[in-house]
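A short worksheet on the structure shown next.
A short reminder: the numbers here are calculations on the coordinates, not readings from a lab. Not measured: the values here are computed from a predicted model. Neighbour counts run over all protein chains shown; Cβ positions are idealised from the backbone, glycine included.
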């Protein structure tokens with residue numbers, strides 16, 4: 001008797017699948033899906049390697065002119 005998948009009753013070809021009793025497609029389908037990680041955006045005004053200078057209150061700015 002040939003070992004078959006417990007889910008779809010297909011013939012299991014590899015030793016790993018025979019030991020688990022489930023084929024590779026069924027194993028992938030039974031695993032929970034992981035959430036896709038989206039990197040957090042960096043602010044538009046930030047440039048890597050650039051230091052931001054502190055702004056003194058009495059120092060004129062373009063907006064105060």
Q: Subtracting the Cα-Cα distance from 0.36 nm times the residue separation, let me have the gained length for residue 27 to residue 11 in nm, one decimal.
A: 4.3 nm
Q) What ranking do 30, 17 get, fewest neighbouring Cβ atoms within 10 angstrom at the top? A) 30, 17
Q: Kindly rank 19-27, 5-13 from highest to lowest mean number of other beta carbons found within 10 Å of each residue.
A: 19-27, 5-13
